1. No solvent, one uniform scatterer per C-alpha: report log10 I(q)/I(0) for region 24-84 via the Debye equation at q = 0.14, 0.15, 0.23, 0.24 1/Å, two decimals.
2. Convert 4 °C to kelvin, take the viscosity as 1.567 mPa s, use the Kirkwood radius over C-alpha pairs of the chain as Rh, and evaluate the Stokes-Einstein diffusion coefficient in µm²/s, rounded to a whole number.
3. So, in nm, how far is label SER56 from label SER24 when the simple model puts each one 7 Å beyond its Cα toward the Cβ?
4. Run the count for the chain, please: Lys pairs, Cα-Cα under 18 angstrom, 8 or more apart or on different chains.
5. What are the ³J(HN,Hα) values, in whole Hz, obtained from phi via the Karplus relation 6.51 cos²θ - 1.76 cosθ + 1.60 with θ = phi - 60°, for each residue of region 52-63 in sequence order, with x given for Gly and Pro?
6. So if we plug the beta-carbon distance of LEU78 and LYS9 into 1/(1 + (r/R0)^6) with R0 = 35 Å, what FRET efficiency do we get, rounded to 0.05?
Amino acid sequence: MKTLERFNKLRKNEAAQELIEICSSLPWVEGVVKSRPITSLQDLMEKANLNWDKLSIKAKQEALEENVGHWTKAERDLAFAHKLQSLRQSLEKWVLTGESRQS
């Protein structure tokens, strides 16, 4: 968990830079950074989910980097669920390897 130990010690802007590589939603990034300290992968996942759930539809749309305005609610919700799953996988990779860039 060296990645989390280092992450907890970073200045806010440095910590945000780590996470923006994983998710482009600034409100989500800011929420997770404010949630520090992160004590474990499980704790990170819980805080990531909590901060995702707090996002507005507009902020989630920005995270998808797509215009979902013309999608049905079911299509949009499915896309948001897939984004959250991808986000969680990227966070897990980041914690385990220290690599924050998505492949």
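1. -0.41, -0.46, -0.90, -0.96
2. Calculated translational D: 94 µm²/s.
3. If labels sit at SER56 and SER24, their model points lie 1.8 nm apart.
4. Counting lysine pairs in the chain gives 19.
5. 5, 4, 7, 5, 6, 4, 4, 5, 5, 4, 4, 5
6. 0.40
Laboratory data are not the source of any read-out in this text; all were calculated from the coordinates shown. Because the structure is predicted, anything quoted here is derived from the model rather than measured. Positions of Cβ are backbone-derived with ideal geometry, glycine not excepted, and every protein chain shown enters the neighbour counts.
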